[in-house]
1. Within segment A:101-125, track down each residue that is small (Gly, Ala, Ser), loosely packed, with under 14 Cβ neighbours inside 10 Å, within 26 Å of A:Ser78 (Cβ to Cβ) and free of Cβ contacts under 8 Å to residues at least 40 places away in the same chain.
2. So is B:Gly109 touching a Gly at 6+ places or on another chain (Cβ under 8 Å) and either assigned to a loop (DSSP other than H, G, I, E, B) or not acidic (Asp, Glu) (or both) or not?
3. Considering segment A:181-206 alone, what residues qualify as being more than 13 Å from chain B (Cβ to nearest Cβ) and hydroxyl-bearing (Ser, Thr, Tyr)?
4. Do the conditions hold for B:Pro321, that is, is it within 15 Å of B:Ala412 (Cα to Cα) and either free of Cβ contacts under 8 Å to residues at least 60 places away in the same chain or in a helix (DSSP H, G or I) (or both)?
5. Considering segment B:296-328 alone, what residues qualify as being over 17 Å from B:Leu408 (Cβ atoms) and more than 26 Å from the chain's Cα centre (by Cα)?
6. Got a sec? Which of B:Tyr93, B:Tyr60, B:Tyr39 is hydroxyl-bearing (Ser, Thr, Tyr), in a helix (DSSP H, G or I) and closer than 13 Å to B:Met23 by Cα?
7. Within the group B:Ala207, B:Ala143, B:Ala196, B:Ala154, which residue is at pLDDT 95 or above, surrounded by fewer than 23 Cβ atoms within 10 Å (Cβ to Cβ) and in a helix (DSSP H, G or I)?
8. For the list (1) more than 9 Å from chain A (Cβ to nearest Cβ); (2) part of a helix (DSSP H, G or I), I need the number of the one condition that B:Pro78 fails.
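The values are calculated or read from the model by the stated rules, or taken from the named source; none is laboratory data. Everything numeric here is computed off the predicted structure, so don't read it as measured data. Cβ atoms come from the backbone with ideal geometry, glycine included; neighbour counts cover every protein chain shown.
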Amino acid sequence: MTLLEFARGPGLQVALLIMIAGCVWRLTAILLLRRRPHLGASRHSRAGRVAGGIAMVFTRSLPRRTFWPRIASSVILSTVFHVGFAIIILCGAPHILLIHQITGISWPGLPKGIIVLVSGVTLASMIALLFRRMLHPVMRLLSTIDDYLSWLTVFLPILTGILLSGETIAGYETLLALHILSVELMMVWLPFGKLMHAGLVFASRAAMGVNFARKGAAT
Amino acid sequence: MTDVAAGMRGFVSNFGPTAALAMESCVHCGRCAEACQFYVQTEDPRYTPIHKIAPFKQAYEREVGPFAFVYRLFGLAPKVTEAEPTKWQDLIYDSCNMCGRCSLICPMGIDIADLVEQARHGMCEAGLVPTDFLGVLEEKEHATGSPFGLTTAALEKMLHDIGTRHGVVMHVDEPTADIIPTVSSIDLKTYPSSMAAIAKILNHMGASWTFRTDGFDADNVSLTAGDRIGQRSVTLGVIRAAKACGAKVLLMPECGHSFTEMRWEAANQSGAALPFRVLQITELLAEGISDGRIRVNKAPQTATYHDACQLSRRGGATAAPRIILQALGVDLHELEDAGDANWCCGGGGGVALIKRAQPLRDMAFQIKQRQVEATGVATVYTSCSGCRQTLDHGGKAVGWNKTVASLLELVADNLKD
């Protein structure tokens with residue numbers, strides 16, 4: 001079995017299994033905790049609270065204007081990273097092909113050159129975010145091994161993706177295998193660390209949105 | 001005596017999905033620091049809001065998190081030791097107003113202020129409440145329902161004395177009434193005229209109302225201390241009194257945290273929806289002015305308004321004071337960040353009670369001082385006597401030439417005959 005065969009076969013199966021089982025376990029453990037009823041009179045109807053939850057999923061993507069001067073670099077860098085990462089996954093032709101093979105759904109991709117450029121910008125934003133984490137006193141204090149490991153598991157697929165596009169330092173098969181394996185590493189780590197925020201962000205924002213709508217509090 | 005294990009159990013015992021989501025979702029971006037006045041003014045990273053609950057997150061991961069067994073098995077989240085929460089005391093109490101600005105900036109939607117409140121439950125159950133924060137006050141609140149330990153007879157006499165002094169008819173302990181006003185301990189101690197103002201306005205409205213000495217002081221120091229037993233005791237006392245006289249409205253004083261407790265938590269404490277509305281005084285005033293039950297004269301002047309965090313940002317009553325000020329013809333010069341993003345006075349969350357927190361409060365006050373001075377006005381109105389007292393103290397410390405005044409009293413002084 002070649003490295004590529006392993007990556008495409010048992011490697012992928014094991015990574016998928018761990019990712020799905022881990023996510024289900026983590027979400028179930030959170031959702032099964034005892035709920036406290038809210039008996040205080042709500043300022044909004046049930047529909048209003050649901051609307052508040054949905055609205056907050058979107059509105060918290062950007063901070064209020066008053067906060068911008070103090071957090072502009074953090075917001076810009078993280079937005080560049082998240083948007084770039086989404087473009088790479090959703091608009092890269094090989095990724096669309098993979099999604100098509102699994103789901104039968106397809107859409108037009110962006111030219112390879114643009115994806116490579118976006119990957120480069122995304123990678124640069126990640127390096128800047130890493131330096132920020134290591135140098136900013138607040139982030140240094142908050143950071144744990146999870147932060148750095150999560151960073152690494154996202155950085156490697158982008159890096160190997162760029163290398164793969166140019167086929168520079170090794171052959172196509174080897175680079176493709178490394179790229180898939182790096183993605184599998186990210187999949188394996190996802191349920192256990194802060195990468196899980198990719199899904200939790202929606203639940204967390206929605207929960208706060210519902211709760212704040214109940215009080216008519218600022219969102 | 002401290003019991004850290006009990007404290008950690010206390011913290012995680014009332015964890016639901018929302019709090020767990022908050023614990024699980026933090027990406028350590030550090031933005032909450034930039035919304036916190038204590039970090040902004042000191043640049044000390046220890047004051048980062050989410051960092052303040054670090055030992056409690058450790059307890060969560062070890063005791064109830066999805067992978068708690070893994071954390072325990074491999075020692076990834078060691079037991080919280082006694083030294084840790086003790087060290088954290090000044091972060092959870094002295095340097096957090098539970099003002100919720102951090103919750104407003106968090107991109108993950110984590111209500112950090114709420115987590116700090118839960119952390120205070122743990123601190124209290126561990127026996128780690130700062131002594132000068134609670135101390136004798138708590139004992140008195142437990143015994144009498146009032147942080148100042150006032151007896152029923154003393155309260156009754158005090159209320160009638162205030163009525164006589166201000167020429168206002170006081171209704172005390174009447175068997176039935178539609179509106180039951182409550183007061184804050186700070187009003188009792190420092191601003192007794194606010195009680196006369198409430199009476200004057202309710203009389204002007206022709207309302208059926210009465211103070212109840214058995215459910216009078218809504219201040220609830222236990223709430224901000226993290227003492228769940230004391231908090232519930234005070235809350236249930238007020239509910240009992242309001243129910244006993246068939247109240248339709250429980251009227252909360254110019255006080256932020258007491259509103260939070262009675263408006264949002266009281267029903268949960270009692271286990272059933274309340275059979276009356278809970279209104280903060282500014283909400284009643286705005287309603288009364290809007291529907292004509294309260295008629296006011298114009299009181300033209302330039303002034304600014306300080307929002308109490310628990311009433312505006314956290315409580316949804318941001319519009320009410322502005323309706324009142326407009327009706328009074330006040331030329332309102334809003335503070336920078338006015339309304340929902342307003343900065344706390346620095347004394348909220350019981351911080352005003354902690355003597356050693358004075359330097360921190362003074363630094364927080366500098367933000368408010370700069371903002372008020374930028375408006376160029378001489379008077380700051382507010383609807384929270386805790387804020388009023390903190391701003392008064394801060395102003396005196398720097399020889400400030402601004403007047404901090406009560407919006408309630410402004411209305412009472414300008415009622416139409």
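1. Residues of segment A:101-125 that are small (Gly, Ala, Ser), as a first pass: A:104, A:106, A:109, A:113, A:119-120, A:124-125.
In the following step, the residues that additionally are loosely packed, with under 14 Cβ neighbours inside 10 Å were identified as A:104, A:106, A:113, A:120.
Now drop any that are not within 26 Å of A:Ser78 (Cβ to Cβ), which leaves A:113, A:120.
A:Gly113, the sole residue that qualifies.
2. Numbers: touching a Gly at 6+ places or on another chain (Cβ under 8 Å): yes; either assigned to a loop (DSSP other than H, G, I, E, B) or not acidic (Asp, Glu) (or both): yes.
Here the answer is yes, as B:Gly109 does meet what is asked.
3. Answer for segment A:181-206, where residues must be more than 13 Å from chain B (Cβ to nearest Cβ) and hydroxyl-bearing (Ser, Thr, Tyr): just A:Ser182.
4. Values: within 15 Å of B:Ala412 (Cα to Cα): yes; either free of Cβ contacts under 8 Å to residues at least 60 places away in the same chain or in a helix (DSSP H, G or I) (or both): yes.
Considered against the rule, which asks whether it is within 15 Å of B:Ala412 (Cα to Cα) and either free of Cβ contacts under 8 Å to residues at least 60 places away in the same chain or in a helix (DSSP H, G or I) (or both), B:Pro321 comes out as yes.
5. Hits for segment B:296-328 are B:Lys298, B:Pro300, B:Thr302.
6. On the way: B:Tyr93 fails: closer than 13 Å to B:Met23 by Cα; B:Tyr39 fails: closer than 13 Å to B:Met23 by Cα.
Result: B:Tyr60 is the single residue among B:Tyr93, B:Tyr60, B:Tyr39 that is hydroxyl-bearing (Ser, Thr, Tyr), in a helix (DSSP H, G or I) and closer than 13 Å to B:Met23 by Cα.
7. Details: B:Ala207 fails: in a helix (DSSP H, G or I); B:Ala143 fails: at pLDDT 95 or above; B:Ala154 fails: at pLDDT 95 or above.
Matching residue, one of B:Ala207, B:Ala143, B:Ala196, B:Ala154: B:Ala196.
8. (2)
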